[in-house]
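The values are calculated or read from the model by the stated rules, or taken from the named source; none is laboratory data. Just so we're clear, the structure is a prediction, and the values are computed from it rather than from any experiment. Note that each Cβ is placed from the backbone with ideal geometry, even for glycine, and that neighbours are counted across all protein chains shown. Quick note on the areas: whole protein, heavy atoms, side chains included, nothing else; ligands and nucleic acids left out. Shrake-Rupley method; radii C 1.70, N 1.55, O 1.52, S 1.80 Å.
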Amino acid sequence: MPSPDLLSLRGLNRALLNRQLLLRPEPMPEDGARNGPARAERVIETIEHLVGLQAQAPFPPYYGLWSRLAGFRPDDLAGLLLSRQVVRIALMRGTIHLVSARDCLMLRPLVQPAVDRGLSQLLGRQLAGVDTGELAAAGRVLVEERPLTFSELGVALSAQWPQHPPASLALGVRALVPLVQVPPRAVWGAAGQAAHTSAEAWLGRPMEASSPLDRLVTRYLAAFGPASVRDAQAWSGLTRLREVVDRLRPGLRAFRDEQRTELFDLPDAPRPAADTPAPVRLVAEFDNLALSHADRARIISEPDRQRMFTRNGVFPGIVLVDGFAAGMWKISRSRAGAALTIELFRPLRPRDRDAVTDEGERLLAFAAPEGPDHEIRFAPLA
């Protein structure tokens, strides 16, 4: 009989799906004027529980919330962007995340060391000799006068630093100053270039002066645990988290995975049985579900991960069958309507293929509700 402290691969899979709200999506409050604030708060609570949604592209967070909240509509998130209750900013791993205004002010100072590593590479190459204090001050003045695209910001800064590439100057400011992307960028149904201003100016509040890394680690475990120290570091982009976990150890529960790697979790966090049913899900592009562990086997096998990561830097939408990645999906649009193309890694049982089709129809109804024609295509198996 296995040790009670041993967690199987399927057990880790079900724990992750549960934390990510992919076993049983949370219900949205019913529509109606009185429920408007309740719907907004449900979305914010979900984004905060997930510690943000990766948002390298403008619209994957909408699909990420659709897969986790029953009854979610695009306006539920678009309204929060317009009202400045959620923002898009470089955070974990130095990548753009969609987070609540509250988390923006707390998380950015905590992950600043990860952002600084990218800055050090710039300073050693394209920005050698540039005074970072002067660059930060000049960049902050410019973006707080009016939101600027990186191109506009770089051109404006090049007047003071003509010997350095404008694009590198703008990236330097992004590392030194917490820049948020402002609407209409990422507003459903709208189009716009990524224009930036400082988080403090946009939100009218300062960054949190100090918050312990303990808080970041425990929130990570709540959303992605059980997990190893390496997992937490892969998600956050930070190093030396072993010291934090050792400090937290008395209040955590320890496990081992099938490779005997030590995992940590919050004592009362849900860990469903390994045989818990997992419905078919279509998970968004760039979803942190598949990007937040050093060992991603709990959701996707290594051969399948390599297939996904060969697509020009775009991590595609994932088809989950029985909890694990079974294929990829993408939506293409035309005047005739929207088409969902599904590329499976291997043949599926008829009932699973039918479930994928049903979920695909639900996704198309969300993505293009007024489209005159919807189509689901299964690519030929490689």
Quick check: convex hull of the Cα atoms in region 190-256, volume per residue, rounded to a whole Å³? 157 Å³
Please state the charge dipole magnitude for region 77-214, taken about the Cα centre, from unit charges on C-beta atoms (+1 on K and R, -1 on D and E), reported in debye and rounded to the nearest 20. 340 debye
Rank these by accessible area, largest first, 1.4 Å probe: Arg253, Arg247. Arg247, Arg253
For region 269-382, what size does the Cα cloud have along each of its three principal axes, sorted from largest down, in whole Å? 44, 32, 30
Region 17-82 shape via C-alpha gyration tensor axes, a/c threshold 1.5: oblate
Compute the accessible area per residue over region 1-133, keeping the other protein chains in place, probe 1.4 Å, unit Å². 39 Å²
If amide H atoms are modeled at 1.01 Å from N in the peptide plane, then the residues at a separation of 5 or more from Ala379, or on another chain, having amide H under 5 Å from its own are Ile342, Glu343, Leu344
Ordered by residue, what ³J(HN,Hα) values in Hz, to whole numbers, does region 275-286 give under the Karplus form 6.51 cos²θ - 1.76 cosθ + 1.60, where θ = phi - 60° and Gly and Pro are x? 8, 4, x, 10, x, 4, 9, 10, 9, 5, 4, 6
Region 25-109: which trypsin sites (Lys or Arg not before Pro) are DSSP loop and have at most 16 other beta-carbon atoms within 10 angstrom? Arg84
The helix 9-19 Cα axis meets the longest alpha-carbon principal axis of the chain at an angle in degrees, between 0 and 90 and rounded to 10, of 60 degrees
Treating the beta-carbon of each Lys and Arg as +1 and of each Asp and Glu as -1, no other charges, what is the dipole magnitude of region 1-121 about its Cα centre, to the nearest 20 debye? 200 debye
Checking rank on 6-14, 321-329, with mean other Cβ inside 10 Å and highest first, the result is 321-329, 6-14
For region 299-382, what is the accessible area per residue in Å² when the probe is 1.4 Å? 55 Å²
Can you give me the % of accessible surface on the chain that is carbon or sulfur? Probe 1.4 Å, all protein chains present, nothing else counted. 52 percent
Per residue Cα convex hull volume for region 323-382, in cubic angstrom? 84 Å³
What is the dipole size for the chain, taken about its Cα centre, with +1 at each Lys and Arg Cβ and -1 at each Asp and Glu Cβ, in debye to the nearest 20? 440 debye
How high is the FRET efficiency from Asp358 to Ser210, r the C-beta distance, R0 41 Å, rounded to 0.05? 0.25
Principal axes of region 157-206: Cα extent on each, largest first, Å: 40, 28, 15
Binned Cα-Cα distance frequencies in region 74-125 - 10 Å width, integer %: 25, 41, 24, 9, 1
Dimensionless Rg over Rh [region 20-137; C-alpha; Kirkwood]: 1.10
Can you give the Rg/Rh ratio of region 78-225, where Rg is from the C-alpha atoms and Rh is the Kirkwood radius? 0.98
Diffusion constant of region 220-285 at 10 °C, which comes from Stokes-Einstein with the Kirkwood Cα-pair radius and 1.306 mPa s, µm²/s: 119 µm²/s
Checked region 46-100 against the a/c 1.5 cut and the a/b vs b/c comparison, axes a ≥ b ≥ c from its Cα gyration tensor; verdict prolate
Which residue, chosen from Phe309, Val319, Ala367, occupies the Cα position most advanced towards the positive end of the dipole of region 306-382, where the dipole is computed from +1 (Lys, Arg) and -1 (Asp, Glu) charges on Cβ about the Cα centre? Phe309
Longest segment of the chain with no GluC sites (Glu not before Pro) in a DSSP loop having at most 16 other Cβ atoms within 10 Å? 31-207
